[in-house]
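Novice: Following this message is one structure expressed as structure tokens.
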Amino acid sequence: MLGDMPKGFVPYRPDRVVVEESRRRLEADFEVADQRRTARHFSTDPVPIDLIETAIRIAGTAPSGAHKQPWHFCVIGDPATKAAVRERCEAEEKNFYEKRAPQEWLDALAPLGTDFVKAHITDAPWLVVVFRRDYDMLPDGTKSKNYYMTESVGIAVGFLIQALHRAGLATLTHTPAPMTFLREVCGRPVNEKPFVLIPVGYPAADCLVPDLERKRVEEIMSFK
Ligand code: IYR
């Protein structure tokens with residue numbers, strides 16, 4: 001049998017899980033996932049870097065177009081760098097809230113209570129800057145195409161956020177616009193584009209979150 005295996009392939013035989021056990025695991029996973037909230041107020045308590053590293057290893061298991069793994073995760077912990085990032089983000093956000101944002105957008109954000117002050121950027125012990133790699137650079141200087149980069153990175157970020165949540169850590173998906181400056185801050189090459197900035201840490205002791213409701217499964221699922 002093994003002799004018939006096409007070159008470059010290996011067997012995939014995860015343990016078969018009986019349906020009752022799958023049901024039990026999924027219900028338990030839902031209870032955990034349903035506890036996750038986006039935090040905007042972080043404790044300055046430290047978080048060991050190995051927790052972040054393992055969560056990034058989990059993110060790196062995401063499926064990707066042609067298995068190109070078009071992502072990079074830059075972790076910022078240095079207080080001076082975090083302060084510089086906060087200053088740039090707040091300048092952009094001030095402009096957004098006071099000039100650029102249409103009233104309809106401001107109205108949609110009102111229940112979240114957000115504004116241009118981004119204390120979480122300096123309070124959270126770590127900032128994970130996720131980059132989308134639009135193409136790979138081969139050693140001879142030629143470009144090698146990547147595929148479905150946005151979808152792939154989006155899935156990886158989902159894995160990252162859920163892994164951190166399950167480890168008891170809070171996250172905030174932050175997309176200041178424009179955020180190209182993060183490429184220089186992180187010293188990343190031109191083939192990478194900042195995708196999202198994620199402060200990671202413990203929620204502040206007095207952290208409040210909006211009292212939001214999730215859509216019921218009947219609203220987000222249909223059968224055909
Ligand atoms: N980027 C701004 C505004 C903002 C936009 C959306 I859509 C949100 O879900 C939350 C905030 C900010 O970070 O404040």
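Novice: Residue 54 - would you say it is in a helix (DSSP H, G or I), open to solvent by 50 Å² or more (accessible area, probe 1.4 Å) and closer than 30 Å to residue 136 by Cα?
Specialist: Details: in a helix (DSSP H, G or I): yes; open to solvent by 50 Å² or more (accessible area, probe 1.4 Å): yes; closer than 30 Å to residue 136 by Cα: yes.
It is true that residue 54 is in a helix (DSSP H, G or I), open to solvent by 50 Å² or more (accessible area, probe 1.4 Å) and closer than 30 Å to residue 136 by Cα.
Novice: Spot the failing condition for residue 12; the list is (1) open to solvent by 50 Å² or more (accessible area, probe 1.4 Å); (2) under 24 Å from the mean Cα position of the chain (by Cα); (3) among the hydroxyl-bearing types (Ser, Thr, Tyr), and only one is missed.
Specialist: (2)
Novice: Scanning the stretch 63-95 for residues that are surrounded by fewer than 18 Cβ atoms within 10 Å (Cβ to Cβ) and among the hydrophobic types (A, V, I, L, M, F, W, C), which turns out farthest from the ligand (Cβ to nearest atom)?
Specialist: 66
Novice: Would you confirm, using the coordinates I've provided, whether residue 131 is of a type in the set (Phe, Trp, Tyr), touching a His at 6+ places or on another chain (Cβ under 6 Å), within 30 Å of residue 48 (Cα to Cα) and open to solvent by less than 30 Å² (accessible area, probe 1.4 Å)?
Specialist: Spelling it out, residue 131 is indeed of a type in the set (Phe, Trp, Tyr), touching a His at 6+ places or on another chain (Cβ under 6 Å), within 30 Å of residue 48 (Cα to Cα) and open to solvent by less than 30 Å² (accessible area, probe 1.4 Å).
Novice: Same structure again: Taking the criterion of being in contact with a Ser or Thr (Cβ under 7 Å, 6 or more places away or on another chain) and without any contact (Cβ under 8 Å) to a residue 24 or more places away in the chain, would at least one residue in the stretch 107-126 satisfy it?
Specialist: no
Novice: Output the number of residues of the stretch 156-197 satisfying the condition of being within 16 Å of the ligand (Cβ to nearest atom), among the hydrophobic types (A, V, I, L, M, F, W, C) and within 28 Å of residue 143 (Cβ to Cβ).
Specialist: Matching residues across the stretch 156-197 total 8.
Novice: Output the qualifying pairs, or none if there are none: Cβ atoms under 6 angstrom, residues six or more apart or on different chains, first residue in the stretch 87-98 and without any contact (Cβ under 8 Å) to a residue 24 or more places away in the chain, second residue open to solvent by 50 Å² or more (accessible area, probe 1.4 Å) and within 10 Å of the ligand (Cβ to nearest atom).
Specialist: From residues that are without any contact (Cβ under 8 Å) to a residue 24 or more places away in the chain, the pairs are 94/116; 97/116.
The values are calculated or read from the model by the stated rules, or taken from the named source; none is laboratory data. Quick caveat: nothing in here was measured; it's all calculated off a predicted structure. Cβ atoms come from the backbone with ideal geometry, glycine included; neighbour counts cover every protein chain shown. Protein only, heavy atoms only, side chains kept; ligands, DNA and RNA dropped before computing areas. Shrake-Rupley method; radii C 1.70, N 1.55, O 1.52, S 1.80 Å.
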